[in-house]
Amino acid sequence: MGKGRPEIDRERCKGCELCNMVCPESILRMSEGFNHKGYHYSECFDPDRCTACMSCAVICPDAAIRIWRRAAIPAGDGASGTGGGKRDA
Ligand code: SF4
Ligand code: SF4
């Protein structure tokens with residue numbers, strides 16, 4: 001079990017692939033689908049390997065990635081807690 005879990009806002013993503021390139025675990029990839037802007041968006045295909053290093057969230061120029069630390073995720077939920085990533089209001 002990893003330390004974190006990335007949450008990627010697909011509608012904010014512009015498909016630059018920077019996050020894919022910096023992830024040390026290589027668990028991010030571009031989706032086959034498109035968002036409403038017409039971009040392939042980034043997705044995580046193996047969140048259990050996320051180390052919560054924050055590299056993807058820091059490099060994203062559109063603040064589309066938020067990292068949830070597993071210690072903050074209630075058991076059986078995974079949908080709330082305190083995020084460590086950056087995101088505009
Ligand atoms: S926080 Fe680190 S390990 Fe997790 S998806 Fe982002 S770059 Fe990869
Ligand atoms: S760095 Fe941000 S905008 Fe670029 S592909 Fe990743 S999530 Fe999308």
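Okay, here's what the table says:
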read-out	value
Given (1) more than 10 Å from ligand 2 (Cβ to nearest atom); (2) under 10 Å from the mean Cα position of the chain (by Cα), index of the condition THR51 fails	(2)
Strands (runs of 3 or more DSSP E) wholly inside region 1-67 that include at least 1 residues being surrounded by fewer than 17 Cβ atoms within 10 Å (Cβ to Cβ) and modelled with pLDDT of 95 or more	28-34
Filtered residues of region 16-42 (kept if in contact with a Gly (Cβ under 9 Å, 6 or more places away or on another chain) and in contact (Cβ under 8 Å) with a residue 24 or more places away in the chain)	GLU25, ASN35, LYS37, TYR39, HIS40, TYR41, SER42
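The values are calculated or read from the model by the stated rules, or taken from the named source; none is laboratory data. All values derive from a computational prediction rather than experimental measurement. Heads up, the Cβs are rebuilt from the backbone with ideal geometry, glycines too, and the neighbour counts pull from every protein chain shown.
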